[in-house]
Amino acid sequence: MTAMERIGFIGLGAMGRPMASNLVRKGFALTVFDVNPAPVQALVAAGAKAAKSVADVVEGADIVFTMLPDSPDVEAVALGEGGIAGAGRDGLLVVDMSTVDPATTDKVAAALGEKGVGFADAPVGRLVMHAERGESLFMVGASGNDFGRIRPLLEAMGTTIHHCGAPGTGIRTKLVNNYIAIAVCQIDAEAFALARAFGLDLATTLDVVNGTTATNGHLKTAWPNKVLVGDTAPGFKIALAHKDMSLGVEAARKAGVPVFAGAAIRECLGLAKGSGDFAGRDFSALLDHVCSLAGLSPPRLKESGPEKK
């Protein structure tokens, strides 16, 4: 990436806004757009320039990042009326960081390539709190030249960058990663609801599990700071976990890979998504959902619990 390149950012939601903010803070010339004016105004106050449309972003940028909710949104922004393809030009590079159907990634990459526009996919690992601190993890699918071009920008937004291969490998790596992370969260929820039903001491049970091969990141680092202390404010919403597991199960079906556990867990997530206010809660709240189905009060560590361990 040359020092003179201009950066565009489309999609300033829970993850996009803090990542764009890190680019501004680190001195990059940034033009931003979102259908919600509030995060645009916040970025402008931090030093970014507001665009009036997707095409306006493209016209004022050499590299454009997109961070959007789902596959139809990415396709509309990239290929729809007034989208990137229509305003694109030779030398423009589009980097999609959304979690979408790999078929969408392939379609967008091919269509933009026909217009002379470069494409990379760089979906994001870790949570909102990591994005806010500039500690995101990126799984990048890009040519070698494009990867070198965007690496300084990714370094401004994160601490861990994996070049997974050609365009399309980033999103496929993300689906594999999220398949495991989401499935394990549901399994943990059921296991610790069972511990609650047995009347076991939560802190002792965590000590045992974290000392065997049953240990995992949810129980060791995430849950003790989230659901187990009563914090289910969304870092990664149950609705998004359902979307990502659905993408993984559907991608596996297309690839001819049987994913029996994943299909069952997708149904569990769908049930949680449709129950009360669970859709908008952090996916660690799957524990609370399983407990509610069992008629149990959700287990909580005492405030001093994690520090005693």
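The values are calculated or read from the model by the stated rules, or taken from the named source; none is laboratory data. What you see is a predicted model, and the numbers here were worked out from it, not measured in a lab. A quick note on method: Cβ atoms are made from the backbone with ideal geometry, for glycine too, and the neighbour counts reach across all protein chains shown.
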(request) State which residue pairs qualify: first residue under 16 Å from Ala214 (Cβ atoms) and inside the range 192-203, second residue aromatic (Phe, Trp, Tyr) and part of a helix (DSSP H, G or I) in any location, beta carbons under 8 Å apart, and separation of 6 or more residues or different chains. (result) Leu202/Phe192
(request) Please go through the range 56-75 and pick out each residue that is part of a helix (DSSP H, G or I) and within 21 Å of Glu250 (Cβ to Cβ). (result) Ser71, Pro72, Asp73, Val74, Glu75
(message) What pairs come out if I take residues in the range 213-234 that are farther than 15 Å from Ala183 by Cβ and in contact (Cβ under 8 Å) with a residue 24 or more places away in the chain and pair them with residues that are of a type in the set (A, V, I, L, M) and not in a loop (DSSP other than H, G, I, E, B) whose C-beta lies under 6 Å away, six or more apart or interchain?
(response) Val227/Ala285; Val227/Leu287; Thr232/Ala285
(request) For Asp188, state whether it is at pLDDT 95 or above, over 22 Å from Val74 (Cα atoms), assigned by TED's automatic domain parsing to the domain that holds Ala241 and under 22 Å from the mean Cα position of the chain (by Cα). (result) yes
(request) Please determine, by comparing only the residues of the range 173-207 that are surrounded by fewer than 21 Cβ atoms within 10 Å (Cβ to Cβ) and of a type in the set (Ser, Thr, Tyr), which one is nearest to Asp244 (Cα to Cα). (result) Thr173
(message) Being touching a helix residue (DSSP H, G or I) at 6+ places or on another chain (Cβ under 9 Å), among the aliphatic types (A, V, I, L, M), under 21 Å from His130 (Cβ atoms) and assigned to a helix (DSSP H, G or I): is that true of Leu206 here?
(response) no
(request) Give the range 141-160 a look and list any residue that's part of a strand (DSSP E or B) and either among the polar types (S, T, N, Q) or more than 17 Å from Val117 (Cβ to Cβ) (or both), or say none. (result) Gly158, Thr159, Thr160
(message) Looking only at the range 126-140, how many residues end up being surrounded by fewer than 18 Cβ atoms within 10 Å (Cβ to Cβ) and part of a helix (DSSP H, G or I)?
(response) 2
(request) Would you check if there is a residue in the range 221-231 being within 20 Å of Thr204 (Cβ to Cβ), within 18 Å of the chain's Cα centre (by Cα) and among the aliphatic types (A, V, I, L, M)? (result) yes
(message) Tell me yes or no: at least one residue of the range 188-196 is over 18 Å from Asp282 (Cβ atoms) and part of a loop (DSSP other than H, G, I, E, B).
(response) no
(message) I'm checking my understanding of the structure. Among residues of the range 94-125 that are touching an Asp or Glu at 6+ places or on another chain (Cβ under 6 Å) and under 19 Å from Ala55 (Cβ atoms), which one is surrounded by the fewest Cβ atoms within 10 Å (Cβ to Cβ)?
(response) Gly116
(message) When the residues of the range 1-33 are narrowed to those that are in the same structural domain as Ala48 (by TED's automatic domain parsing) and hydroxyl-bearing (Ser, Thr, Tyr), which ends up nearest to Glu135 (Cα to Cα)?
(response) Ser21
